[in-house]
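Below is one structure; the comments refer to it alone.
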Amino acid sequence: DVKVTQSSRYLVKRTGEKVFLECVQDMDHENMFWYRQDPGLGLRLIYFSYDVKMKEKGDIPEGYSVSREKKERFSLILESASTNQTSMYLCASSLTGVSTEAFFGQGTRLTVV
Amino acid sequence: QKEVEQDPGPLSVPEGAIVSLNCTYSNSAFQYFMWYRQYSRKGPELLMYTYSSGNKEDGRFTAQVDKSSKYISLFIRDSQPSDSATYLCAMSAGNQGGKLIFGQGTELSVKP
């Protein structure tokens, strides 16, 4: 059974804190993605990675960075959390190739106070 | 203008109704079209996948793509309360290894 696991379901952090969101997949997928989901805006791509140590900016990378040191793990970093980063964060992975299915984790609900 | 537009609803229908969900898009390079279903407090799951124009049917679900109009649809026949979820359309040009652009999602409620 394919699995994408995000380290936390719920997080509460203070403004200015450095926040790490972790994602692990067990499907040996090359591609991994971080999205945020907000009411009325749908899923917006923050960063994605085609391979270990490679990263590409998505549509809304400002205020975020990522790390991919191992194929199965993709971390999202909020360098200095702000209240406008309160959101649902979703990690996904997929195989290389034209538009194969993306598998999602269960999401992390982050609240910045 | 967003690349993909989807009516966010919410949409409420009685059990047994036919549901029509739609998305429009502006990028003519999109060739791969998907519908994801997301239950409350869960991640999205792939429901239907279509390449280029045409129809695809899977049980009570039918996906349609009209590339000339840049318009895609998902039809649900004989809707059930278990279909209550948020439905997200997603698209890809197929040249960036799975990078998907999503619509806003439509929240559907099927009442018994």
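Would you calculate the volume per residue, in Å³, of the smallest convex hull containing every Cα atom of the protein assembly as shown?
Numbers: hull volume 27.1 nm³, N = 225.
Each residue corresponds to 120 Å³ of Cα convex hull volume.
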Given q = 0.13, 0.21 Å⁻¹, what are the Debye log10 I(q)/I(0) values for chain A, with equal point scatterers placed on the Cα positions and solvent ignored? -0.43, -1.14
Debye equation applied to the C-alpha atoms of region A:49-113, log10 I(q)/I(0) at 0.23, 0.25 Å⁻¹: -1.18, -1.31
Using a Förster distance of 22 Å, how high is the FRET efficiency between A:N84 and A:K53, based on the Cβ-Cβ distance and rounded to 0.05? 0.15
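I'd like the per residue volume of the convex hull spanned by the Cα atoms of chain B, given in cubic angstrom. Let's see the in-between values first.
Details: hull volume 10.9 nm³, N = 112.
Here the figure is 97 Å³ per residue.
Quick check on region B:51-95: take the gyration tensor over C-alpha atoms, sort the square-rooted eigenvalues as a ≥ b ≥ c, and tell me if it's rounded (a/c under 1.5), prolate or oblate.
Values: a/c = 2.50, a/b = 1.78, b/c = 1.40.
Prolate.
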Debye intensity ratio in log₁₀ form over the Cα atoms of region A:12-52, taken at each q of 0.18 Å⁻¹: -0.74
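May I ask for the equivalent-ellipsoid semi-axes of region B:16-79, computed as the square root of five times each C-alpha gyration tensor eigenvalue and listed largest first in whole Å? Let's see the in-between values first.
Values: eigenvalues 84, 43, 22 Å².
Equivalent-ellipsoid dimensions as semi-axes: 20, 15, 10 Å.
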Got a sec? What order do B:T106, A:T5 fall in by accessible area at 1.4 Å, biggest, i.e. largest, first? A:T5, B:T106
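The values are calculated or read from the model by the stated rules, or taken from the named source; none is laboratory data. This is a predicted model, so every value here is computed, not measured. All Cβ positions, glycine included, derive from the backbone under ideal geometry; neighbour counts span all protein chains shown. We work out accessible area using only protein heavy atoms, side chains counted, and drop any ligands, DNA or RNA first. Shrake-Rupley method; radii C 1.70, N 1.55, O 1.52, S 1.80 Å.
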